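Below you'll find the structure, written out as structure tokens, and then a few comments.
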Amino acid sequence: MSRERTEIAQLIESESAQESVLIQGWVRTRRDSKDFFFLELNDGSCLKNLQVVVTRAVDGFESLKSIRTGASVSIVGDLVASQGKGQKWEAMAKEVVLLGDSPESYPLQKKRHSLEFMREISHLRPRANLFGAVFRVRSRLSFAIHRYFQENGFFYVNTPIITASDCEGAGDLFKVTTLDMEAPPRSEDGLLDFSQDFFSQKTYLTVSGQLEGEAFATSLGKIYTFGPTFRAENSNTSRHASEFWMVEPEIAFCDLRQDMDCAEDFVKWVIKDTLDTCQSDLELFFNYVDKDLEERLRFVVERPFNRVSYTEAVEILQASGKKWDYPVEWGANLQSEHERYLTEEHFKSPVTVYDYPKGIKPFYMRTNEDQKTVAAMDVLVPGIGEIVGGSQREERLDILLENMKHHNISEEDYSWYVDLRRFGSVPHAGFGLGFERLLMFITGMGNIRDVIPFARTPGNI
Ligand code: 4AD
Ligand code: MG
């Protein structure tokens, strides 16, 4: 019978010495002495390595002395109190088997590598301390997100990835087709004939699960989606990816104020949960990535967010005396430089901006009484800018239809969405949180490419 391995995360927390445990992992370094050598072993279960002592008493000692960084090994040994500094336990090896050798060409030799270099070896970078920590925190954060919603009465809905609707109306959609691109069928007017395509019409990868989410919120009451989202916008920034994960709660019988309350409570809760459960991985970010990070996260958890209307935000920006690359005027979109000024310099805290001009927002947002603004909100955080975008949805049939006409959206194509207003319409609201942006905020990592396992960005796959 083969023995179960014990993970290093458990061994380093052990209460007592243990005999003959099976430890399997990858060698980070080897240090040699005359009659023994040390292996620093990591198995991915935690940031810390386990020190293994291999003496002449171990079979094959001489040939094992050439075990190299990156090699995988299987070791049976006793867990004993460590003589050395820096660790409580170490393992005295009794048997060592080299599973997979790792030649000198192994790219992760013990030295500092640039993040750019690491992106070129995204298949190996999770073996590095920094990325191991990023992806363990990512896993824990997604669990926290599910916990938050599940414990607050939300149902998890899987909205489709292939869709026929353009939720945000921004036109940055990836097309999904099985047409022969070399010789596509054309109709008599010379245009591509999508009636011959797989779904007999134009289809895309989804930019948001919101519209489908609304159908479920107006049935199950409170729902959330958490899945991949695709945007073909050609934004080559440190905060945009072409494929990213979005969390989208949608709540029936909810107005914009309650929606903002939910978004703020949610962001605080998942950050607190991560602080509580990922301590040792977070230490790495606090110590080596951003010295102010811990204080910033605790501040966000403990203090209320600021709230300011778009109109007030514009006044603050205009009064700032700053020279902007993009001019600030009522009616224009807030650019990243404006968002960052508000959260980093003016408020020095997260800030939720609400009631945006109707003209710059999608068709589904609820028109406010002033007729000029919509019940929209964005949560902005220092270092990143927007991490949440949401709104109260237009639940009044006549106004929704008017908005659709104005945005050139076909009532026929969206008849299912309009039905939600025809039959038992209710006030409802929701938001979308960029999962990677939240992870950037929590880890202090400055580039979205470094918090996604395999990043997809313009020109890069
Ligand atoms: O503000 P957005 O575009 O909102 C929506 O899609 C709504 N349908 C959400 C809703 O109300 N249910 O996107 C929501 C969030 C942004 O605040 C941002 O954090 C993230 O998604 N995001 C991106 N993250 C990474 N790369 C991109 N290209 C992103 N675009 C948006
Ligand atoms: Mg947005």
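Numbers below:
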{"read-out": "Phi to ³J(HN,Hα) by Karplus 6.51 cos²θ - 1.76 cosθ + 1.60 over the range 194-211, Hz, x for Gly, Pro", "value": "6, 5, 8, 7, 3, 9, 6, 6, 5, 9, 9, 7, 5, 9, 5, x, 4, 4"}
{"read-out": "Stretch gain in nm, segment residue 175-residue 74, where the contour uses 0.36 nm per residue and the Cα spacing is subtracted", "value": "31.6 nm"}
{"read-out": "Average accessible area per residue (Å²) across the chain - probe 1.4 Å, nucleic acids and ligands excluded", "value": "50"}
{"read-out": "Residues of the range 277-313 with amide N under 17 Å of a point placed 7 Å along Cα→Cβ from residue 115", "value": "282-294"}
{"read-out": "Accessible surface of the range 379-440 [probe 1.4 Å, protein heavy atoms]: carbon and sulfur percent", "value": "48"}
{"read-out": "Accessible carbon and sulfur surface of the range 8-100 relative to its total accessible area, %, 1.4 Å", "value": "50"}
{"read-out": "With Cα atoms, 0 to 90° folded angle of helix 397-406 axis to the chain main axis", "value": "80"}
{"read-out": "Cα gyration tensor, the range 198-242 - rounded (a/c under 1.5), prolate or oblate", "value": "oblate"}
{"read-out": "Percent breakdown of C-alpha pair distances by 10 Å bin, ordered from the shortest bin, for the range 8-100", "value": "17, 58, 24, 1"}
{"read-out": "Exposure of residue 156 as accessible area (Å², to 10), given a probe of 1.4 Å and all protein chains", "value": "90"}
{"read-out": "Expected-Rg normalisation [2.2 N^0.38 Å, Cα atoms] applied to the chain", "value": "1.18"}
{"read-out": "Centroid-to-centroid separation of the range 440-461 and the range 107-132 [C-alpha atoms, Å]", "value": "14"}
{"read-out": "Of all DSSP beta bridges in the range 8-100, antiparallel share, percent nearest 5", "value": "95"}
{"read-out": "Three-way shape call for the range 36-188 based on the alpha-carbon gyration tensor, with the a/c threshold at 1.5", "value": "prolate"}
{"read-out": "Once exposed loop GluC sites (Glu not before Pro) are cut out (DSSP; at most 10 other Cβ, 10 Å), longest piece of the chain", "value": "189-328"}
{"read-out": "222 nm mean residue ellipticity, helices alone, for the chain (DSSP H n ≥ 4; -39,500 (n - 2.57); rounded to 500)", "value": "-8000 deg cm²/dmol"}
{"read-out": "Difference of contour (0.36 nm per residue) and Cα-Cα distance, residue 406 to residue 20", "value": "131.7 nm"}
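The values are calculated or read from the model by the stated rules, or taken from the named source; none is laboratory data. Keep in mind it's a predicted model, so treat the numbers as computed, not measured. Counting neighbours? That spans all protein chains shown, and the Cβs are built from the backbone with ideal geometry, glycine included. For the accessible areas, the whole protein counts, side chains as well, though only heavy atoms, and no ligand, DNA or RNA atoms are used. Shrake-Rupley method; radii C 1.70, N 1.55, O 1.52, S 1.80 Å.
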